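Asker: Supplied in structure tokens, the structure appears directly below.
The values are calculated or read from the model by the stated rules, or taken from the named source; none is laboratory data. Here the structure is a predicted model, which is why all the values come from computation and not from measurement. Here the Cβ is made from the backbone with ideal geometry for all residues, glycine too, and neighbour counts use every protein chain on show.
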Amino acid sequence: MTLIKSISGIRGTIGGSPYENLTPLDTVIYVSAFASWLKSSHLNIQPRVVVGRDARISGPMIQSLVNQTFVACGIDVFDLGLSTTPTVEISVIELKAQAGIIITASHNPKDWNALKFIDHNGEILSSKSVIDILKIAEDKDFNYVGINYLGKISPVEAMMERHIEKILGLSLVQSKAIQKKGFRVVLDAVNSTGGIVVPQLLDALGVEVVPLYCDPNGLFPHNPEPLKEHLSVLCQKVVEVKADFGIVVDPDVDRLAFVDETGEMFGEEYTLVSCADYVLTHSPGNTVSNLSSTKALADVTTSKGGMYFTSAVGELNVVEKMKAENAVIGGEGNGGIIYPELHYGRDALVGIALFLSLLVEKEIKVSALKASYPKYAMSKAKVALSSYMDVDELFKQIKNQYKDKNPITIDGVKIEFETAWVHLRKSNTEPIIRVYTEAHNEEAAQSLANRFVNEIKGFF
């Protein structure tokens with residue numbers, strides 16, 4: 001059982017002892033701390049907060065605790081109920097709120113949940129602000145208001161519809177051309193809120209949807225991380241119903257991956273590559289992705305006259321780098337698309353719309369599209385952490401061992417070899433070390449990953 005505090009918010013398993021898991025007590029403490037920080041940042045107004053959740057079984061319980069804690073702190077709540085991370089981010093702006101919380105553990109299994117903090121710009125809260133909130137929580141430096149100053153809860157409907165409306169209004173989304181094409185797709189929404197909003201978007205674009213796991217009951221039918229090993233049913237279904245391609249989103253709809261018409265993975269890494277290809281064709285400029293993302297994005301960007309930049313892993317870090325470099329699109333190799341014309345947040349919905357626009361423009365099948373991009377293979381391994389493991393010392397030793405390769409150390413250790421790279425980092429969302437590698441073929445990528453997994457285990 002685990003409780004993780006990071007720039008990705010407060011994330012933990014449900015049940016167990018306080019301070020070791022995401023229990024009701026921990027939820028109240030961290031929301032109280034967030035409320036205290038928020039009130040100190042907006043001294044002259046009564047803050048308003050947008051709250052939404054994915055369809056996890058624990059969601060209603062956690063959201064009740066979140067909402068009522070805000071009420072006790074004298075903060076008004078816009079309650080979206082079932083929603084998505086990008087919808088909450090957009091809603092903060094649309095509703096002129098001062099902050100937001102999305103209750104989701106993203107790709108983690110069903111026994112996890114989390115509090116993701118959003119700032120007044122509808123963006124992931126800065127690392128400095130998160131540190132301040134953690135300090136308030138540690139010190140229990142918060143107070144609750146008297147009866148005359150309690151906050152109010154206002155249910156808000158139709159924000160997912162507003163989200164879709166804004167996507168359809170983007171100049172690069174070729175709605176009429178997509179409608180004429182008459183695509184047929186299979187959608188795996190892992191029984192979460194993607195099962196509500198993605199069909200609405202596709203219906204508006206004239207795309208026929210074959211639903212797979214689209215009942216938002218929180219009963220994940222497989223591991224919700226959109227990786228090849230979890231998606232065999234989707235791959236089979238695409239071929240069975242002769243679909244043009246398959247779509248899979250994670251529980252909070254900020255990650256996106258595709259399956260081609262032959263039932264083969266397009267690859268979550270190439271979600272951003274393809275969307276960037278389309279955007280850069282119409283809006284030349286720079287791109288950003290994190291250190292664990294495929295080199296194919298750099299290749300596509302430079303081929304179109306732009307410059308490619310990297311950041312540490314995490315939506316917040318990517319957004320900061322995108323703003324600094326004036327990037328026209330960016331994201332993460334895990335299938336997270338950030339398109340500033342809509343908002344600075346990972347958004348599977350806008351990714352779907354851009355991908356469909358690319359397909360109608362190129363008049364190409366998904367398998368042929370993948371074949372047109374630089375070919376790289378990636379391995380994504382992990383090593384479980386125990387309390388006795390000194391990860392900082394491990395990374396220090398590996399950095400010294402490979403100092404002739406000039407390791408990149410802004411986020412763990414990344415080592416670039418002549419035709420491959422490896423990135424080792426401590427996860428923000430799970431008690432693991434992630435071991436990502438990329439090479440020109442699967443065998444080489446897997447071999448490099450195995451080598452570094454063994455080096456890590458040998459250290460401990």
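Asker: Ser357: of a type in the set (S, T, N, Q) and over 19 Å from Trp421 (Cβ atoms), yes or no?
Answerer: Yes; evaluated as a whole, the condition is true for this residue.
Asker: Mind checking which residues of segment 402-433 are under 15 Å from Leu448 (Cβ atoms), not aromatic (Phe, Trp, Tyr) and not in a strand (DSSP E or B)?
Answerer: Residues satisfying the conditions are Lys405, Pro407, Glu418, Thr419, Ala420.
Asker: A follow-up question, please. Is there a residue being outside the structural domain of Asn223 (by TED's automatic domain parsing), among the hydroxyl-bearing types (Ser, Thr, Tyr) and modelled with pLDDT of 95 or more anywhere in segment 38-51?
Answerer: For segment 38-51, residues outside the structural domain of Asn223 (by TED's automatic domain parsing), among the hydroxyl-bearing types (Ser, Thr, Tyr) and modelled with pLDDT of 95 or more: absent.
Asker: Is segment 331-342 home to any residue that is out of contact with any Gly (no Cβ under 9 Å at 6 or more places or on another chain), surrounded by fewer than 22 Cβ atoms within 10 Å (Cβ to Cβ), free of Cβ contacts under 8 Å to residues at least 12 places away in the same chain and not hydrophobic (A, V, I, L, M, F, W, C)?
Answerer: Within segment 331-342, not a single residue is out of contact with any Gly (no Cβ under 9 Å at 6 or more places or on another chain), surrounded by fewer than 22 Cβ atoms within 10 Å (Cβ to Cβ), free of Cβ contacts under 8 Å to residues at least 12 places away in the same chain and not hydrophobic (A, V, I, L, M, F, W, C).
Asker: Please find, among Pro284, Pro251, the residue that is in contact (Cβ under 8 Å) with a residue 40 or more places away in the chain, assigned by TED's automatic domain parsing to the domain that holds Val197 and under 16 Å from the mean Cα position of the chain (by Cα).
Answerer: Just one listed residue meets the conditions, Pro251.
Residue-by-condition table, conditions (1) crowded, with 24+ Cβ neighbours inside 10 Å; (2) among the β-branched types (Val, Ile, Thr); (3) modelled with pLDDT under 95:
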| residue | (1), (2), (3) |
| --- | --- |
| Leu219 | no, no, no |
| Pro224 | yes, no, yes |
| Lys237 | no, no, no |
| Pro251 | yes, no, no |
| Asp260 | no, no, no |
| Glu269 | yes, no, yes |
| Val273 | yes, yes, no |
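Asker: I'm trying to understand the selection: among the residues of segment 117-146, which are acidic (Asp, Glu), surrounded by 15 or more Cβ atoms within 10 Å (Cβ to Cβ) and out of contact with any strand residue (DSSP E or B) (no Cβ under 7 Å at 6 or more places or on another chain)?
Answerer: Residues satisfying the conditions are Glu123, Asp132.
Asker: Determine, yes or no, whether Leu212 is surrounded by 21 or more Cβ atoms within 10 Å (Cβ to Cβ), within 21 Å of Arg255 (Cβ to Cβ) and not acidic (Asp, Glu).
Answerer: Yes.
Asker: Among (1) among the charged types (D, E, K, R); (2) in contact (Cβ under 8 Å) with a residue 12 or more places away in the chain; (3) surrounded by fewer than 16 Cβ atoms within 10 Å (Cβ to Cβ), where does Glu315 come up short?
Answerer: With respect to (1) among the charged types (D, E, K, R); (2) in contact (Cβ under 8 Å) with a residue 12 or more places away in the chain; (3) surrounded by fewer than 16 Cβ atoms within 10 Å (Cβ to Cβ), Glu315 is out only on (3).
Asker: A further question on this structure: Would you be able to say whether some residue in segment 77-90 is in contact (Cβ under 8 Å) with a residue 40 or more places away in the chain, more than 19 Å from Asp252 (Cα to Cα) and out of contact with any His (no Cβ under 7 Å at 6 or more places or on another chain)?
Answerer: Yes, because at least one residue in segment 77-90 is in contact (Cβ under 8 Å) with a residue 40 or more places away in the chain, more than 19 Å from Asp252 (Cα to Cα) and out of contact with any His (no Cβ under 7 Å at 6 or more places or on another chain).
Asker: Are any residues in segment 38-66 in contact with an Asp or Glu (Cβ under 6 Å, 6 or more places away or on another chain) and of a type outside the set (Val, Ile, Thr), and if so, which ones?
Answerer: Within segment 38-66, Arg48, Asp54 meet the criteria.
Asker: Evaluate segment 384-392: report whether one residue or more is in a helix (DSSP H, G or I) and either more than 26 Å from Ser447 (Cβ to Cβ) or not assigned by TED's automatic domain parsing to the domain that holds Glu443 (or both).
Answerer: Scanning segment 384-392 turns up at least one residue that is in a helix (DSSP H, G or I) and either more than 26 Å from Ser447 (Cβ to Cβ) or not assigned by TED's automatic domain parsing to the domain that holds Glu443 (or both).
Asker: Within segment 6-27, identify whether any single residue is outside any strand (DSSP E or B), of a type in the set (A, V, I, L, M, F, W, C) and modelled with pLDDT under 95, and answer yes or no.
Answerer: Taking every residue of segment 6-27 in turn, at least one turns out to be outside any strand (DSSP E or B), of a type in the set (A, V, I, L, M, F, W, C) and modelled with pLDDT under 95.
Asker: Taking the condition of being of a type in the set (Lys, Arg) and surrounded by 16 or more Cβ atoms within 10 Å (Cβ to Cβ), how many residues in segment 383-404 meet it?
Answerer: Residues flagged as of a type in the set (Lys, Arg) and surrounded by 16 or more Cβ atoms within 10 Å (Cβ to Cβ) within segment 383-404 amount to 1.
Asker: If a residue counts only when it is closer than 18 Å to Val366 by Cβ, which strands (runs of 3 or more DSSP E) contained entirely in segment 219-327 have at least 3 such residues?
Answerer: Filter on segment 219-327 gives 245-249, 256-259.
Asker: Does at least one position in segment 81-94 carry a residue that is over 22 Å from Leu349 (Cα atoms) and not in a loop (DSSP other than H, G, I, E, B)?
Answerer: no
Asker: Within segment 297-307, identify whether any single residue is surrounded by 24 or more Cβ atoms within 10 Å (Cβ to Cβ) and within 17 Å of Thr85 (Cα to Cα), and answer yes or no.
Answerer: So far as segment 297-307 goes, no, none of its residues is surrounded by 24 or more Cβ atoms within 10 Å (Cβ to Cβ) and within 17 Å of Thr85 (Cα to Cα).
Asker: Sort out which residues of segment 426-446 are loosely packed, with under 15 Cβ neighbours inside 10 Å and over 17 Å from Asp411 (Cα atoms), and write them in order of number.
Answerer: His440, Asn441, Glu442, Glu443
Asker: Another question, if that's okay. So Ala137 passes all but one of these: (1) touching a residue at least 40 places away in the same chain (Cβ under 8 Å); (2) part of a helix (DSSP H, G or I); (3) assigned by TED's automatic domain parsing to the domain that holds Arg346. Which condition number does it fail?
Answerer: Single failed check for Ala137: (3).
Rundown of residues vs (1) surrounded by fewer than 15 Cβ atoms within 10 Å (Cβ to Cβ); (2) part of a loop (DSSP other than H, G, I, E, B), yes/no style:
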{"position": "Asn148", "(1), (2)": "yes, no"}
{"position": "Gly151", "(1), (2)": "no, yes"}
{"position": "Glu157", "(1), (2)": "yes, yes"}
{"position": "Glu161", "(1), (2)": "yes, no"}
{"position": "Lys166", "(1), (2)": "no, no"}
{"position": "Leu170", "(1), (2)": "no, yes"}
{"position": "Lys180", "(1), (2)": "yes, no"}
